[in-house]
Amino acid sequence: MTRLVNIRPGRAGRIIAGIVPIAILLLIYIIASDMRHTANPNDKVLPTLGAMADAIARLATTPDPMTGRITLLADTMASLYRLGVGVAIATVTALVLGLILGVVPLMRATLGPIVTLIAVIPPIAVLPILFIVLGLGEASKIALIAIGIAPYMTRDLAAYVSGLPVEQFLKAQTLGANSWQLAIRVALPQLMPKLIESLRFSMGPAWVFLIAAEAVASDIGLGYRIFLVRRYLAMDIILPYVLWISLLAIAADLILHTLSRKAFPWAHGDAR
Amino acid sequence: MTRLVNIRPGRAGRIIAGIVPIAILLLIYIIASDMRHTANPNDKVLPTLGAMADAIARLATTPDPMTGRITLLADTMASLYRLGVGVAIATVTALVLGLILGVVPLMRATLGPIVTLIAVIPPIAVLPILFIVLGLGEASKIALIAIGIAPYMTRDLAAYVSGLPVEQFLKAQTLGANSWQLAIRVALPQLMPKLIESLRFSMGPAWVFLIAAEAVASDIGLGYRIFLVRRYLAMDIILPYVLWISLLAIAADLILHTLSRKAFPWAHGDAR
Amino acid sequence: GGKEGPAAETQAEAPKQEFNIGWSIYAGWMPWAYAEKSGILKKWADKYGIKINLIQVNDYVESINQYTAGKLDGVGSTNMDALTIPAAGGKDTTVLIIGDYSNGNDGIVLKNGASMADLKGRTVNLVELSVSHYLLARALELSGMKLADVKTVNTSDADIVSAFSSPDVTAVAAWNPQLSEIKAAKGATMVFDSSKIPNEIQDLMTVSTATLKANPNLGKALVGAWYEVMEIMAKGDAKANAAIDQMAQLAGTTPENYRAQLKATYLYYKPQEAVAYALSPDIIKHEDAVRQFSFSKGLFGPAATSVDAIGIGFANDKTLGDKANVKLRFDPSFMQMAADGKL
Amino acid sequence: MSTLLSFRDVWVEYGEKVVLERVSLDIEEGSFVSVVGPSGAGKSTFLRLILGQEGPTRGKVLLDDVALKPECNPDRGVVFQRYSVFPHLTVFKNVLFGLECGAAPFTARLFGARRKAAVEQAMEMLDAVGLAHSRDAYPAQLSGGMQQRLAIAQALIKHPRILLLDEPFGALDPGIRLDMHALVTGLWQERGLTIVMVTHDIHEAFKLSTRVLAFDKRRHDPHAPHRFGATATYDIPLERRSGASREAAIPSALLPRPSEGAQPTQAVAIPSIS
Amino acid sequence: MSTLLSFRDVWVEYGEKVVLERVSLDIEEGSFVSVVGPSGAGKSTFLRLILGQEGPTRGKVLLDDVALKPECNPDRGVVFQRYSVFPHLTVFKNVLFGLECGAAPFTARLFGARRKAAVEQAMEMLDAVGLAHSRDAYPAQLSGGMQQRLAIAQALIKHPRILLLDEPFGALDPGIRLDMHALVTGLWQERGLTIVMVTHDIHEAFKLSTRVLAFDKRRHDPHAPHRFGATATYDIPLERRSGASREAAIPSALLPRPSEGAQPTQAVAIPSIS
Ligand SMILES: Nc1ncnc2c1ncn2[C@@H]1O[C@H](COP(=O)(O)OP(=O)(O)OP(=O)(O)O)[C@@H](O)[C@H]1O
Ligand SMILES: Nc1ncnc2c1ncn2[C@@H]1O[C@H](COP(=O)(O)OP(=O)(O)OP(=O)(O)O)[C@@H](O)[C@H]1O
Ligand SMILES: [Mg+2]
Ligand SMILES: [Mg+2]
């Protein structure tokens, strides 16, 4: 008999194998929802698939009478904007700091400890400070995302840069490179694929912080909607929203992955 | 002149350099707090160091007249218990799943997609569901931590195992190893240091989820206390609590790091 | 199903011994915490041969959601949330105790403004779809404005105090204890509070109708314990003060602060008073206002096509809305037993 | 000696790409076969077929006249250029590993008398490859040559019938390479092994083995280089030669640079293409 | 020829550990110095001193009679065994890099006519090492030998006076090694370089260089092996020798195995220890 570790399903086999557990989960949900609705036709906890489809169709097609905008679209745009700006700020900060900390030992000694300290502070615990400093507008939401992920990314990138073979830095200096050139021509380009990788890992926390920020103070956004309708336990809206967020997260991950492969082919080839 | 990248401060220099920015931050706080207290002696936003020391001394030494317990201690114990159990569950789950997914291609095909799906769902968005399924006791708080970090860890570990040189698995099979032995004698021991590394990265999110869970449903814990006193903007309690959490986080990180170096010397030696 | 009404559910539920009652920190519900800590609740539970677990939930909405999902047998709730969450979710709910109404515990606070008129056109931070939202709607209505005259931003109750510290926030609607912190801030003026709409924001103890039918002892024990605490508090003696101090401690605040909150809470110390209100026509008027607001904000869910979709039952078989779909029942009979000393 | 392994019209294709085509040859028990050829010629692929890491796309690989299952088994040991030892086990435990796996399917650990016997066997093996003094070192603490010795010891403890070596000395310094040649030759003779070794070093091949197989493409389509696969273009028996006569048997086409080394003075055996 | 580099009683210590002690020697302009010795003897440390990667603990290293600053500079080029080229740049850009850095301190990019001149220079250099056809490949797509050619081209484009090689061919196959020997010898002669090369391969050292330095410990304390450092125990001039006579100059103590190679027939030069 072939050893278990040597059984490799083909392409079709993999797709079917992957779908099965998801289908089972869906089935369990349908049965549970059906049971609750037999007991209480108005049950809100596990809405039927039909009810969710209705709710989401309504939010995705009918403009809100008050604002004239399509709710799902407006929420998505608002959230993606915050997420995008927050992540962009974090990325740029982490890139610059990571580069400086990684390349310049003196800066690593100076800023390393404070970056570590900031990295371990759970950002949601200091939300009040953020509001007081930045107000309740977009700034504080964007800041929560940025503060939430930038320190981790910075440490990750700095560690990567200082882990680059010392031979490269020596070689570059024998080729006449100064400190600035070492940073931008040796460290920076090699850091880019790592940056995207670090970013991919940080997207999960970024969504968490976005939702947390929108739950605290907001009038639009995916997290806002989820926490608003939670007030009347509208699971028929919450569940499709969660699914939608998951799909957006998967899409973002795929885009980043593809981007990295396209932009930095040398980083994805077979290493020798 | 020596190039900036070649200046390497000595041991003492590093310590001093590291303390300076933290000292500056502290100084800025003291000045800002002083300014606010000059304007409004009852200011709550930036309490003086003295006020914070008083508040924390009270919480750390005076037993609560009702329960007879010292608040800070009781909160810490409760939170560490939840964090510990949640992280332990996540670690064991991730280890077992990561091993299975990494070693057995068939299981990777079957469970990979659903693990990815679960990994991208922001746990905070499904908090209501979690509480409904698991009730308001310790279980749901522990579950939020476990669900929050386990999928990421699982994917990380599975990727690591499937990235181990295929030569090792082939070699082991030529030495008579069966699938089970491959898992426990080849993959598992090499996975252990990676597990600790993955755990170290997950501790940050774990604290965030702990605080989020305690904010919603709890009557004790560090996160609970922060959210309880947030209603009165009692920054004199919030700030020391945040600092305390940060210290606990740093301590946990150091312990894990030391553990890894002690337990798996082969993984920290110079690689050839 | 809904047409069979509570009878069907009653059959489904068997009598049981142990009950979970949820509550969250709020001036009008702190007596429950005291009842538990002082052993009064256990005394009454023992008397009726049952066990009652009082479960504190930090997040108020979560406690209502848990109740709606069936994880709790009863929960401390406002009249509005009892209507829009469990009742609108098909969970037949009985109002066991009308504990108090907000008599200033909810308010609207402005910076750089002195009256409701200054609210026009501003952005108001509040917990949307909560009693604060209702309070705002009523306040605007009484001042000749509409909800459309202001913009609202949903703000979590835990963070509303720090929100008000932020310069770009100039108007909030909040409840206590946050309200007292906000009022105390420099340049803050309270332009409206719930004392101007007495009895419209009520703090209740609600329990599942089916559970109560199957276990009337639960109702008796809860009502008995509640009014024993009320009696202690009403005395105004040293014991009352000690009790109130303890409640303050449990709420995470100072005794002074808590006393201030209590002042803004009209507690029905005596069961007779609560029963009298429950029997009066006022209650129907007040609940009607609440349900109109709730329906207008879509809180009855997408399936509800009219404000009458969900029925509200009162003493003596009076109802508002669909008689065949009564999901929220004001039942003063247990309070009546307390008033009659029959517990 | 009898035929141990037979290739019968074996093809290996990856999608469109043909790597090996029409490989038909027999390998005799006890022989030491070296496989040489340019990079990408399919030398490692050939080895993988014997190892059982993969199966042929067409044709058959027979071991003792029975078709090989595409799975690695203890009757065929292997040493790769890298990653051949377990980095998390000490030298001694790396060698013990094979004994433990075979004897304890579930725990993969031995106890008591059985462990004692295994320990003795492992120590003997370490002695044989000259690593007894490093028994408690981790592989990362060993030099490259010591790591390959360890890999060989590890493979031999299972008494494989065939030992497969894929550029085992490619990463070693010349001095250490000579040591390893002596070691492998000794073990091969003592234990009656059959060895198939892939190497880039033509001199090494001709020095050590009883037979040299050179893999290369016979046909070439410049517009679609992947259309044709490689096969054994030279098959040179060396059993009865020794020393200088071996070097002299190297066909000039196989030498890295025509400017160096001996001229082809001998007619080479015709590759056995069916 | 004149003295280019001088070591004056140089010691290198890491904490307690003495790596080099009392190294005093001169290196002449245009010489090709090979450094051999056992692992850990401080060969790389010696090279690092010349490179300027670190400074001596005691004593002085002089370049043109001026004390060397412990910093790498373009007058000394280097090729390491690994990591010598930039993985994120194509072959061509790897070579261009040095020209860009020197000419454009801030942008490190060239434009217009200056770029054109630099491009031409880089292409010539690639031609010289035989990599012109691979100009757009990334290092990961090159073989080990091609990577080292690239590293040499990259270093030479800055016209260094000294080229430092730390086991540059250690990871290469023997055939490719021969090519590289020819390449390095050619470039050394053409460009009047001074080369200091560390190698493990004694034959390589004696084949290529004009002088061989053997590093080893002269004193040994078995209880505290770190107490004494290494120094140049043999210093063998070879300028006027060629071919077989070179091999014959190898002292037997330096050979990996006494069973191989020539006997020491010549008295070796006494190491210049002051
Ligand atoms: N799994 C695979 N999928 C596709 N192509 C493969 C696969 N394995 C090997 N090849 C290709 O088959 C050809 C032969 O590979 P193989 O490793 O056998 O060559 P080799 O002779 O061992 O070369 P080298 O001397 O470089 O090790 C190469 O072109 C390689 O790219
Ligand atoms: N930064 C350092 N700190 C402490 N010890 C060091 C350091 N660098 C080198 N050493 C030690 O100095 C000694 C000489 O090292 P070096 O790399 O110069 O040897 P080598 O002759 O090049 O050896 P190899 O042939 O293995 O490359 C070694 O024992 C090494 O461990
Ligand atoms: Mg190969
Ligand atoms: Mg060295």
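The values are calculated or read from the model by the stated rules, or taken from the named source; none is laboratory data. In this text, all values refer to a predicted model and were calculated from it rather than measured experimentally. Backbone-built Cβ (ideal geometry, glycine too); neighbour counts: all protein chains shown. Just so you know, the surface numbers come from the protein's heavy atoms only, side chains and all, with ligands and any DNA or RNA stripped out. Shrake-Rupley method; radii C 1.70, N 1.55, O 1.52, S 1.80 Å.
Considering only residues of the range D:162-186 that are more than 10 Å from every other protein chain (Cβ to nearest Cβ) and surrounded by fewer than 18 Cβ atoms within 10 Å (Cβ to Cβ), which is nearest to ligand 3 (Cβ to nearest atom)?
Filtering first and then ranking leaves D:H181.
When you check D:M123 against the structure, is it closer than 25 Å to B:W266 by Cβ, open to solvent by 20 Å² or more (accessible area, probe 1.4 Å), in a helix (DSSP H, G or I) and within 14 Å of chain E (Cβ to nearest Cβ), yes or no?
no
I'd like to know if the range A:169-179 contains one or more residues that are outside any helix (DSSP H, G or I), more than 14 Å from chain C (Cβ to nearest Cβ) and at positive phi. Before you say what the answer is, go through the steps one by one.
Residues of the range A:169-179 outside any helix (DSSP H, G or I): A:175-178.
After this cut, where a residue has to be more than 14 Å from chain C (Cβ to nearest Cβ) as well, the list is A:175-178.
Subsequent filtering for residues that are at positive phi retains A:176.
Scanning the range A:169-179, I find at least one residue that is outside any helix (DSSP H, G or I), more than 14 Å from chain C (Cβ to nearest Cβ) and at positive phi, so the answer is yes.
Which is in the same structural domain as A:G102 (by the TED database) and at pLDDT below 90, of A:A143, A:A234?
Working: A:A143 fails: at pLDDT below 90.
Unique residue meeting the criteria: A:A234.
Determine which single condition A:A183 fails, assuming it passes every other condition in (1) of a type in the set (G, A, S); (2) free of Cβ contacts under 8 Å to residues at least 40 places away in the same chain; (3) within 14 Å of chain E (Cβ to nearest Cβ).
(2)
Please give the number of the condition C:S162 fails out of (1) more than 10 Å from chain A (Cβ to nearest Cβ); (2) under 30 Å from B:L46 (Cα atoms); (3) not charged (D, E, K, R).
Here C:S162 clears every test but (1).
Go through the range D:224-251 and count every residue that is away from ligand 1 (no atom under 16 Å from the Cβ), of a type outside the set (G, A, S), crowded, with 17+ Cβ neighbours inside 10 Å and at pLDDT 75 or above. Outline the logic, then answer.
As a first pass, look at the range D:224-251 and keep what is away from ligand 1 (no atom under 16 Å from the Cβ): D:235-251.
From the residues that got through so far, the ones that are of a type outside the set (G, A, S) too are D:235-241, D:246-247, D:250-251.
Narrowing further to those that are crowded, with 17+ Cβ neighbours inside 10 Å: D:235-236, D:238, D:246, D:250-251.
From the residues that got through so far, the ones that are at pLDDT 75 or above too are D:235-236, D:238, D:250-251.
Number satisfying all stated conditions: 5.
Going by the conditions given, is E:G15 away from ligand 1 (no atom under 16 Å from the Cβ) and farther than 23 Å from E:Q154 by Cβ? So that I can check it myself, show each step before the final result.
Values: away from ligand 1 (no atom under 16 Å from the Cβ): yes; farther than 23 Å from E:Q154 by Cβ: yes.
So E:G15 passes the test.
Which of the numbered conditions does C:V172 fail, given that it passes all the others? Conditions: (1) open to solvent by less than 10 Å² (accessible area, probe 1.4 Å); (2) assigned to a helix (DSSP H, G or I).
C:V172 satisfies every listed condition except (2).
Of the conditions (1) within 16 Å of ligand 1 (Cβ to nearest atom); (2) in contact with a Leu (Cβ under 8 Å, 6 or more places away or on another chain), E:V196 clears all except one; give me its number.
(1) is the only condition that E:V196 fails.
Among the residues that make up the range D:211-223, is at least one of them of a type in the set (K, R), surrounded by fewer than 19 Cβ atoms within 10 Å (Cβ to Cβ), outside any helix (DSSP H, G or I) and more than 14 Å from chain E (Cβ to nearest Cβ)?
Checked against the condition, which is being of a type in the set (K, R), surrounded by fewer than 19 Cβ atoms within 10 Å (Cβ to Cβ), outside any helix (DSSP H, G or I) and more than 14 Å from chain E (Cβ to nearest Cβ), the range D:211-223 yields at least one hit.
May I ask you to say which residue of A:I238, A:I211, A:I196, A:I220 is in contact with a His (Cβ under 9 Å, 6 or more places away or on another chain) and either closer than 28 Å to B:S202 by Cα or away from chain E (no Cβ under 14 Å) (or both)?
On the way: A:I238 fails: in contact with a His (Cβ under 9 Å, 6 or more places away or on another chain); A:I211 fails: in contact with a His (Cβ under 9 Å, 6 or more places away or on another chain); A:I220 fails: in contact with a His (Cβ under 9 Å, 6 or more places away or on another chain).
Result: A:I196 is the single residue among A:I238, A:I211, A:I196, A:I220 that is in contact with a His (Cβ under 9 Å, 6 or more places away or on another chain) and either closer than 28 Å to B:S202 by Cα or away from chain E (no Cβ under 14 Å) (or both).
Consider C:P302 carefully, then state whether it is at pLDDT below 95 and farther than 21 Å from C:G89 by Cβ. Don't jump to the end; show me each part of the working.
Working: at pLDDT below 95: yes; farther than 21 Å from C:G89 by Cβ: no.
No, not satisfied.
Which one of the conditions (1) over 17 Å from the mean Cα position of the chain (by Cα); (2) more than 9 Å from chain C (Cβ to nearest Cβ); (3) among the aliphatic types (A, V, I, L, M) does A:A143 fail to meet, given that it meets all the rest?
Every listed condition holds for A:A143 apart from (1).
Do you know which residues across the range C:78-91 are out of contact with any Pro (no Cβ under 8 Å at 6 or more places or on another chain) and within 12 Å of chain A (Cβ to nearest Cβ)? If you could, list the steps in order and put the result at the bottom.
To start, the set of residues in the range C:78-91 that are out of contact with any Pro (no Cβ under 8 Å at 6 or more places or on another chain) comprises C:78-89, C:91.
Matches in the range C:78-91: C:T78, C:M80, C:D81, C:A82, C:L83, C:T84, C:I85, C:P86, C:A87, C:A88, C:G89, C:K91.
Identify, please: which residue in the range E:23-58 is open to solvent by 40 Å² or more (accessible area, probe 1.4 Å) and in a strand (DSSP E or B) and is, among those, farthest from ligand 2 (Cβ to nearest atom)?
E:E28
Report those helices (runs of 4 or more DSSP H) wholly inside the range B:18-122 carrying at least 1 residues which are without any contact (Cβ under 8 Å) to a residue 60 or more places away in the chain, under 16 Å from B:P240 (Cα atoms) and open to solvent by 60 Å² or more (accessible area, probe 1.4 Å). Reasoning before the result, please.
Numbers: elements: B:49-61, B:71-103, B:105-120.
Correct list: B:49-61, B:71-103.
Would a scan of the range E:91-110 turn up a residue that is within 16 Å of ligand 4 (Cβ to nearest atom), open to solvent by less than 40 Å² (accessible area, probe 1.4 Å) and away from every other protein chain (no Cβ under 11 Å)? Outline the logic, then answer.
Step one: filter the range E:91-110 for residues within 16 Å of ligand 4 (Cβ to nearest atom), giving none.
No; the residues of the range E:91-110 include none that is within 16 Å of ligand 4 (Cβ to nearest atom), open to solvent by less than 40 Å² (accessible area, probe 1.4 Å) and away from every other protein chain (no Cβ under 11 Å).
Would you confirm whether or not the range E:197-207 contains a residue that is part of a strand (DSSP E or B) and within 14 Å of another protein chain (Cβ to nearest Cβ)?
Yes: the range E:197-207 contains one or more residues that are part of a strand (DSSP E or B) and within 14 Å of another protein chain (Cβ to nearest Cβ).
What is the residue count in the range E:59-84 for residues that are in a loop (DSSP other than H, G, I, E, B), more than 16 Å from ligand 2 (Cβ to nearest atom) and open to solvent by 10 Å² or more (accessible area, probe 1.4 Å)?
7
Across the range B:1-56, which residue is nearest to the other protein chains (Cβ to nearest Cβ) among those that are within 20 Å of A:L117 (Cα to Cα) and charged (D, E, K, R)?
Restricting to residues being within 20 Å of A:L117 (Cα to Cα) and charged (D, E, K, R), the top hit is B:R14.
I'd like to check which helices (runs of 4 or more DSSP H) are fully inside the range B:192-272 and have at least 1 residues that are buried (at least 20 other Cβ atoms within 10 Å of the Cβ) and among the β-branched types (V, I, T).
Numbers: elements: B:222-230, B:235-263, B:265-268.
Filter on the range B:192-272 gives B:222-230, B:235-263.
Suppose we filter the range D:31-77 for residues that are more than 14 Å from ligand 1 (Cβ to nearest atom) and either within 12 Å of chain B (Cβ to nearest Cβ) or more than 13 Å from the chain's Cα centre (by Cα) (or both); how many remain?
Let us first name the residues in the range D:31-77 that are more than 14 Å from ligand 1 (Cβ to nearest atom), namely D:31-33, D:52, D:58-69, D:71-77.
Still in the list and also either within 12 Å of chain B (Cβ to nearest Cβ) or more than 13 Å from the chain's Cα centre (by Cα) (or both): D:52, D:58-69, D:71-77.
So the answer is 20.
Is there any pair linking a residue in the range C:271-284 that is over 17 Å from C:S102 (Cα atoms) to one that is open to solvent by 60 Å² or more (accessible area, probe 1.4 Å) and polar (S, T, N, Q), with Cβ under 6 Å and at least six apart or on different chains, and which?
Between residues of the range C:271-284 that are over 17 Å from C:S102 (Cα atoms) and residues that are open to solvent by 60 Å² or more (accessible area, probe 1.4 Å) and polar (S, T, N, Q), the close pairs are C:V275/C:Q336.
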